[in-house]
Each structure stands twice: as structure tokens, then as C-alpha cells.
Amino acid sequence: MSPGSLPRYIVQRLLLIVPMIWVILTLVFLVLRVAPGDPVTAAVGDRLSAEALAERRAALGLDRPLLQQYLEYLGNVARLDFGQTISDNIPIIDIVRDNGGATLTLALAGLLFALLVGVPLGAVAGRRRDSISDVVIRLFGVITYAAPVFFVGLLAKLFFSVQLGWFPTSDIATPITKFQVETRTRILLLDAALGGDTDAVIDILHHLVLPAVTLGLLLCGVFIRLVRVNMLQSLKADYVEAARARGITERRVTSAYAFRNALVPFVTVLGLQIALLLAGAVLTESTFNWPGLGTRLIDYITARDYIAVQGIVTLFAVVVVLISLLVDVVNALIDPRIRY
Amino acid sequence: MSASDVVVSAEGLRIWYGTERGPVRAVDGVSFELRAGETLGLVGESGCGKSTLGRGLLDLLPEGSKMDGSLRYQGHDVLAMSTSRRHALRGSDLAMIFQEPLTRLNPLMRIREHFEEALRTHEPGVGKDELRRRSMEVLRRIGIPPTRYESYPHEFSGGMRQRLMIALALALRPAFIVADEPTTALDVLVEAQILEMLHDLRSEIDTALLLITHNLGIVAEACDRVAVMYAGEIVEIGDARDVFRNPRHPYTRELLRSTISLSTTGLHYIPGAPPDLVEPPSGCHFHPRCPDAMTVCTTTAPPVVESAGTLAACWLQSPGAIPAGAEEPLRRREISDADEA
């Protein structure tokens, strides 16, 4: 219970990242190699003779024993050298740097939408259990969670972009905006804002709406269910009855007692939802041609580019772990009972 | 004492819950009065409706329950009030202390916030310093050091949390408190402290106290009057000493015989189980378990009879009113094990 144990907990969690990354690297390494095809066949398989293909494989080191390739790759990663893509010879670091910003923008916007819409809806549904609004909200939650992201994305594009013409169908900004915004942080939206370019900011936000809502709806369904269930639980709690007996107003009972206490378990599982958020981001990006890591990841998977896929997946894994750690810390701040 | 001293009075109060099998008559025509500064003990077996009655008085019943009859607080008809007016009585006029103190405080709020919130809800104009002064005063009175003012509930023991609950109620100076088994979850030493606090409370602010308990020792120690409840009805109510010395109702008598003390040589218990409140027995609800049951008890509910200030609902109290031939002792098959289970 000593207050100084939170830093120790954080260090422990950070150290645990190392074995976890090893497991993920190994899994990705194996899965990619079990999958049919290799980078060479994927790129030029139907155009070159068998000898020429073998030659190319040898040049990439793909003809060596699997174990040797594996150990060599692990060794490189241990030196923080993630290597270069096989298909287009770009350092992994550059891919992350150039595309990470777009993914970050999309993921945060989607998360923000889900929090702003899903959490209040879940709270209302829990407060008014079995009312019409509860039934409607629950139905909405189930549908948004169950519907595939790419399907929702396509429908949204078809309706809002093609039919109504309200939003662009794809990409993060118009070519002119991309050209004009000066690169500083490599997060386009932030760069535009820092440069004071209002038109560019509006243009990017305009492009962001549909992808962010599409991704946000996926999480929204999860959030509604989580908040609703926890709200129902905390409304039944003894301290809620005791507060009513003290004459605390129903509004305050709902907000300070039921809702606040419902947020504790919600925040706990929020960390787990980050994985869903990133998975959703990959699909959303490819649906909307959003120039982020997800789009690149799918390109490289198609190209059987082992190095690229390993690098991007590892990055995703690290992000998930760091964010769930952050969530734990936030939770300790919300709930005075939690001490690690 | 004059009638104006009466803080709470109930007349034919009924509370029932809807279930799939039909309404559960948890409280079935209960009448009592409580005066300022008086403590009424409410005793009975588990499931006899005593907690339901306590919650009903504060309108804290779960959804799907109904209440009728007459309930008056300081002369005002509570059941005729709007919901918001009724709820406005909570805290400042009517208070409740619960059985499980460990789960009754908001785990995310400091003790200070609990006090400030309660005081501010009922006296919106009170300034920050005044709030602090008054909370501190109450805390001091219940023996919680001021240094713990900023603590969270989980940093207190069960006994301390129950004292905090009492202090929270006390800070608002209610005229009537329902204490629902306030010491059941606590050890004996803490129990004595809590009872002492409740005692002080009513002498200091003249609060009327309804003390719900299944512990007859507590009633003997802490209550002026006692009401014995069985199957949703008050079967006997009167001065605690008088009732204990001279129980009129067989249920009271059997209940007293079932208490355990150092001189107890064998355990006594009342055979059978409390009745089903969806379809309670005909006549006197206690007749299936009553050692003194007569034929009349199975058919007709006994009248309430007063003797020396104590009211009891038992045919033994009004032998003259029993129809001829119905005073035969009830012959019945022995209560089998299957019935008890």
C-alpha cells in the first residue's frame, strides 16, 4: 500500500514489454513464413524463370535456414535496427515516421468520437434501464459493434460522399493542402494548425470526419455496453441507497455516485479496447485510402514483405502495451483504492 | 407526552412487492407511533418485513413495490406528498443507518466530500468554513480525529465507517432515524460504542429512533419500547421492560425463550419456518407454529387488545370474544421435517 509503489509498478510493466515483443516477433515471423508465397514471388513471380527467382531469393537471404533468418532478425531488432522493406527498400523507421501521424490522427479522432458518443449513451441507457431510450441505444450499440468496419465505411462513403457529396471519398487531404503544409511534426493536422493555415486544417478535418466516425462507431458499440452494465451495477450499490437516504439529489447520485464509480471498471477495460481501435484503424484506413500505417501494412502483407510487416506489427504491439500501462496509471489516479 | 410530540405515526401501513407468483405482502397493516427522543425496537425473524418497513418509511423501496395506508411525519401525510417533497425529507428530517457500513460510503469520495455534500444539499447557503467547522464538530463527537477528514472510506475499519455513517446522519439533525441492524456486521465492543452513540444522539437532538434488530439483548439495552413483527404484522408492541417481563403473544414468548445467554443450557427454537408472504396462513399468521393455537386462530385474525399500555394481537388476550367451541386447542399433525425444510 505504500504510495511509492506506483513507479515500481510502471518499471515492472515496461520490463514486461521485452518478452512480450519477443513473443509477437516470433509469432509474426512464423505466420508470415507459413503463409504461401514469399516477397520475390509476390513481386515478380509470374515474370521470371525459376532460376532467376532462386537467385533473387538467395540475394535476400531467403534461402537460408529459417532459424538462421530468425536469429539474425532478432539480433537486429535487439540493436533497434528494424531493417528495410524488401519490396521497396525503405527503412521501417521512415515508414513509421511518415505514416504514423495519419494513423495517430485517425485513431485519436475515432476514440474521441466513441468516448463522446458511447459513454454518455451508455450512461443514459443504464440510468433508464428498459425504457425506450435504453432499448434504442442498446440496439444501436449492438449494430455498430457487429457491423464490419469496411462495410460501414463503404456505406458511409456511398451515402455521404457519393450521394450527398458532403465529404471527400478518400485520402487525408487534397493534394494542394498536402503540398502547402510545411512539415514539422509529420502529423499533417498538427502541422497545418501550427502553420496557422486555417484552410488546410478545415480541409483535413473535412477528410477526417467519415473515417473517424466509421472507426468511432465500432468502439462506440463496445463503450455503450461497458458503461451501461457498469452503470447498472453501481446504481444498485449500497452507497447509492445510502446517498439517497441522506437526501442527495438524484442528479448528483447519478453523476457523482453511479457514473463516477461506473467509470472505474470502464477505464480498466479501455486499455484492452486500444487493440480493437488499432485493428479498426487498419481496416478504416484501407477503406478510405487514408495514408497511414494500416494502409501500408496491408500493402506490405500483399507483397509478403516480411520485414515491413514485422516492423509495423511490432510497433502496434508496443503502442497497445504502453497505452494499457497508461490506462492503469490513470485508473490509479481515479480510484484511491488502487495501489500497485 | 402530548400528541404533538409524535414524530412518526403509521396506521394500517401496507407494503407489497409484485412478483411472478403474486404480491408479496412484506408489511401487512402495521400501526405504531414514535415520539421525539424515543427509541422503538423492531424485532422479528429474518424475512418478517422489518427492513422493508424501515425502507418504506424513507421511500427507499425498490421499483415495483407499493405502499398504502397512512404514514404521518410531524402530522403531515407523507403518502399524499409529491415524490419530490417526500424525498426532500430525506437527510434533513428522516435518516437511515444501514447494516453493512463497509459498502455505504462512496469509495471515490473523501470523508470531507461526503460531509460537505450532505450539508450543502440541505443548507445550500452554508459557507466553506462553516461547513468545515460543523463537520469537524460532528467528527470529534464520534471520536474520529480531524486528521482523518481527508481520508477515503477504504482507510477506515467497519466500526469507524459505521460511526461515520452515523455522523453523516447526525450532521443534518434529523428528527427521525431508522437504524437497520446497525451493529450486526460489527464486533461486540464496537456494537456497544455504536449503541452508545445512538443513545447520545437522541438525548442531544431529541431524535426518534426506530432500531431494527434481531438481537433482543440490544432491545433490552437500548430501547424504550419494542415492536415484535411476524409475517408482515406487528403482533405485540409496548414498553420494552413490560413486554420482556410479561410477553402477551406466544411468538414474543417463544422468541424470548430462543435467546442465548450464559445460563442457557439447551437451545430453544421455534419449529417451522416463517410463512410464505405471497399466501400467508389464514387467521393468525403464527398459528401453524404456535404452541397455544386454538381452532379460532386458523380462521379469524385476532383482535388487537391493550393491557397496561401493551398492544397484542392474540386470541389468548380476548378469550371472551372467541366463538363458542372455537377455543379447542388446535389438533394438527406434528410438523414434519419436510415442512421445516
Task: Among the residues listed as A:F113, A:F82, the single one being open to solvent by less than 60 Å² (accessible area, probe 1.4 Å), part of a loop (DSSP other than H, G, I, E, B) and on the phi < 0 side of the Ramachandran plot - done: A:F82
- [ ] Restricting attention to the range A:25-46, report how many residues are open to solvent by 50 Å² or more (accessible area, probe 1.4 Å), free of Cβ contacts under 8 Å to residues at least 24 places away in the same chain and closer than 15 Å to A:A303 by Cβ.
- [x] 2
TODO: Run down A:D88, A:D63, A:D46 and say which single residue is out of contact with any strand residue (DSSP E or B) (no Cβ under 6 Å at 6 or more places or on another chain), acidic (D, E) and not assigned by TED's automatic domain parsing to the domain that holds A:I338.
DONE: A:D88
TODO: Take B:G159 and decide whether it is out of contact with any Phe, Trp or Tyr (no Cβ under 9 Å at 6 or more places or on another chain), of a type in the set (G, A, S), more than 14 Å from every other protein chain (Cβ to nearest Cβ) and open to solvent by 30 Å² or more (accessible area, probe 1.4 Å).
DONE: no
Task: the range B:185-202, residues that are surrounded by fewer than 16 Cβ atoms within 10 Å (Cβ to Cβ) and in a loop (DSSP other than H, G, I, E, B) - done: B:D187
Open item on the list: Checking the structure you have, find out if any residue of the range B:157-166 is in contact with an Asp or Glu (Cβ under 9 Å, 6 or more places away or on another chain), without any contact (Cβ under 8 Å) to a residue 24 or more places away in the chain and outside the structural domain of B:G47 (by TED's automatic domain parsing).
Closed with: no
Task: Among the residues listed as A:E55, A:E51, the single one being acidic (D, E), out of contact with any Phe, Trp or Tyr (no Cβ under 7 Å at 6 or more places or on another chain), surrounded by 12 or more Cβ atoms within 10 Å (Cβ to Cβ) and in a helix (DSSP H, G or I) - done: A:E55
- [ ] Please list, ordered by first then second residue, the pairs with beta carbon atoms under 8 Å, 6 or more apart or interchain, first in the range A:61-81 and within 14 Å of A:V18 (Cα to Cα), second of a type in the set (S, T, Y).
- [x] A:V77/A:T314
TODO: Can you tell me which residue within the range A:5-22, out of those that are surrounded by 11 or more Cβ atoms within 10 Å (Cβ to Cβ) and among the hydrophobic types (A, V, I, L, M, F, W, C), is nearest to A:T314 (Cα to Cα)?
DONE: A:I21
- [ ] Quick one: count up the residues across the range B:34-50 that are open to solvent by 40 Å² or more (accessible area, probe 1.4 Å) and either within 14 Å of another protein chain (Cβ to nearest Cβ) or within 13 Å of the chain's Cα centre (by Cα) (or both).
- [x] 3
Open item on the list: Against the condition in contact (Cβ under 8 Å) with a residue 60 or more places away in the chain, open to solvent by less than 10 Å² (accessible area, probe 1.4 Å) and more than 16 Å from the chain's Cα centre (by Cα), how does A:F259 come out, does it pass?
Closed with: no
Task: Among (1) more than 30 Å from A:A78 (Cα to Cα); (2) within 12 Å of the chain's Cα centre (by Cα), the one test that A:E250 misses - done: (2)
TODO: Return the only residue of B:A227, B:A222, B:A208, B:A240 being modelled with pLDDT under 90 and within 17 Å of the chain's Cα centre (by Cα).
DONE: B:A222
TODO: Given the conditions (1) touching a strand residue (DSSP E or B) at 6+ places or on another chain (Cβ under 6 Å); (2) under 18 Å from A:E241 (Cα atoms), report the number of the one that B:R86 does not fulfil.
DONE: (1)
- [ ] Restricting attention to the range B:62-94, report how many residues are open to solvent by 50 Å² or more (accessible area, probe 1.4 Å), free of Cβ contacts under 8 Å to residues at least 40 places away in the same chain, more than 8 Å from every other protein chain (Cβ to nearest Cβ) and not in a loop (DSSP other than H, G, I, E, B).
- [x] 5
TODO: With a cut-off of at least 1 residues that are more than 14 Å from every other protein chain (Cβ to nearest Cβ) and among the charged types (D, E, K, R), name the helices (runs of 4 or more DSSP H) lying wholly within the range A:181-291.
DONE: A:188-194, A:198-235, A:260-288
TODO: Return the pairs, sorted by first residue and then second, in which the second residue is open to solvent by 90 Å² or more (accessible area, probe 1.4 Å), the first residue lies in the range B:121-147 and is free of Cβ contacts under 8 Å to residues at least 12 places away in the same chain, the beta carbons are less than 8 Å apart, and the residues are 6+ apart or on different chains.
DONE: B:V126/B:R120; B:P146/B:R140
Open item on the list: So for the range A:296-317 (the condition being part of a loop (DSSP other than H, G, I, E, B) and of a type in the set (S, T, N, Q)), does at least one residue qualify?
Closed with: no
Open item on the list: So, in the range A:139-195, exactly how many residues are on the phi > 0 side of the Ramachandran plot and open to solvent by 60 Å² or more (accessible area, probe 1.4 Å)?
Closed with: 1
Open item on the list: Looking only at the range B:95-137, count every residue that is part of a helix (DSSP H, G or I), within 14 Å of chain A (Cβ to nearest Cβ) and open to solvent by 10 Å² or more (accessible area, probe 1.4 Å) and tell me the total.
Closed with: 9
Task: Of residues in the range B:283-340 being under 22 Å from B:G47 (Cβ atoms) and modelled with pLDDT under 80, the one least open to solvent (accessible area, probe 1.4 Å) - done: B:S336
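The values are calculated or read from the model by the stated rules, or taken from the named source; none is laboratory data. In this text, all values refer to a predicted model and were calculated from it rather than measured experimentally. A quick note on method: Cβ atoms are made from the backbone with ideal geometry, for glycine too, and the neighbour counts reach across all protein chains shown. Keep in mind that these areas ignore ligands, DNA and RNA; they rest on the heavy atoms of the full protein, side chains included. Shrake-Rupley method; radii C 1.70, N 1.55, O 1.52, S 1.80 Å.
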